[in-house]
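The block underneath contains the structure these notes are about, expressed in structure tokens.
The values are calculated or read from the model by the stated rules, or taken from the named source; none is laboratory data. The model shown is predicted, which means the values in this text are computed figures rather than measured ones. Note: ideal-geometry Cβ built from the backbone for every residue, glycine included; neighbour counts use all protein chains shown. For accessibility, only protein heavy atoms count, side chains too; no ligands or nucleic acids. Shrake-Rupley method; radii C 1.70, N 1.55, O 1.52, S 1.80 Å.
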Amino acid sequence: MDENISVLKGIGLTMYEAQAYVTLTSLIQATAEEISKNSNIPRSKIYDVLKKLNEKHFIEIEDGRPLTYNVKSPVEVLSLEKERLNSEIDDTITRLTNIYENGMSQVQAPIWRIYGVDKIINQEVEIIKRAKNTVNMRIGFLFEGEGEALIKAFKSKRSLKVNILASPKCHINNEEIDIIKMFKDQDINIQKADIPFVKVLISDSKEMMHTYTKFSEDKRNVIPETAIGIWNKYEDVAKNYDERFENQLEKMKKKKNKSL
């Protein structure tokens, strides 16, 4: 199937409507008979197809004998469709997220194990996107692509108060990564700390994510296939970890002030 027709079907056109529109983008202006001939749409169907395209604002009909059909610019038509779809998707995300979060609150034992680097990173990003006020993180290591994903999530939530304590460096695929510089370059609050090979993300003192993994014998490179995330929505546990994090921050702040 023609890729353009496939995309047009994906946004709601029928096969014949997509074929007719694609054909008319090359003809620009044509009669129903010409469109039928060039698109291989049966003449018995073409008038109804063109009527539907006009109703969907993909073409315009010019009076005359015979009628003439003029194509609308793909930029004009598809940009409007893109805006409509984006709006519908955003509304659907909001509705389904409310249902999802309400369902999650009813689960009796809100602790889940998550396997696989991609799934772990996706869950971290989801937690950040759900956060309303604060996100605190301890970063002892990063997976490939994780730093970029976290930064993107943080930058999309500028109203969040973000605090990160991190080891200065880690290794990904034998390449040394400067964790502190990576986040500081994006104006994200991060401080150097002595963090073991573990990662903790805490959101609003309500939910948290622990991530563990094995390392190569020299303790430099992550072994990604061993990664496991523990997603915890016990608020008492998350609150306890958050208080310990804030206490550590306060001690670091006092120590820094004394050294000035």
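Numbers below:
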| item | result |
| --- | --- |
| Test for ASN240: is it open to solvent by less than 90 Å² (accessible area, probe 1.4 Å), of a type in the set (S, T, N, Q) and more than 23 Å from ASP118 (Cα to Cα) | yes |
| Answer residue from the stretch 80-114, given it is at pLDDT 80 or above and of a type in the set (Ser, Thr, Tyr) and is farthest from THR213 (Cα to Cα) among those | SER87 |
| Verdict on GLU235 being of a type in the set (Asp, Glu) and within 20 Å of ILE121 (Cα to Cα) | no |
| Test: residue in the stretch 166-174 that is among the aliphatic types (A, V, I, L, M) and either without any contact (Cβ under 8 Å) to a residue 24 or more places away in the chain or surrounded by 15 or more Cβ atoms within 10 Å (Cβ to Cβ) (or both) | yes |
| The stretch 185-217 - residue that is open to solvent by 90 Å² or more (accessible area, probe 1.4 Å) and either outside any loop (DSSP other than H, G, I, E, B) or in contact (Cβ under 8 Å) with a residue 40 or more places away in the chain (or both) and, of those, farthest from SER159 (Cα to Cα) | LYS214 |
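Each row is one residue, and each column tells you yes or no for (1) touching a strand residue (DSSP E or B) at 6+ places or on another chain (Cβ under 6 Å); (2) part of a strand (DSSP E or B).
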site: VAL135; (1), (2): yes, yes
site: GLY147; (1), (2): no, no
site: LEU165; (1), (2): yes, yes
site: PHE183; (1), (2): yes, no
site: LYS219; (1), (2): no, no
site: VAL222; (1), (2): yes, yes
site: ALA227; (1), (2): yes, yes
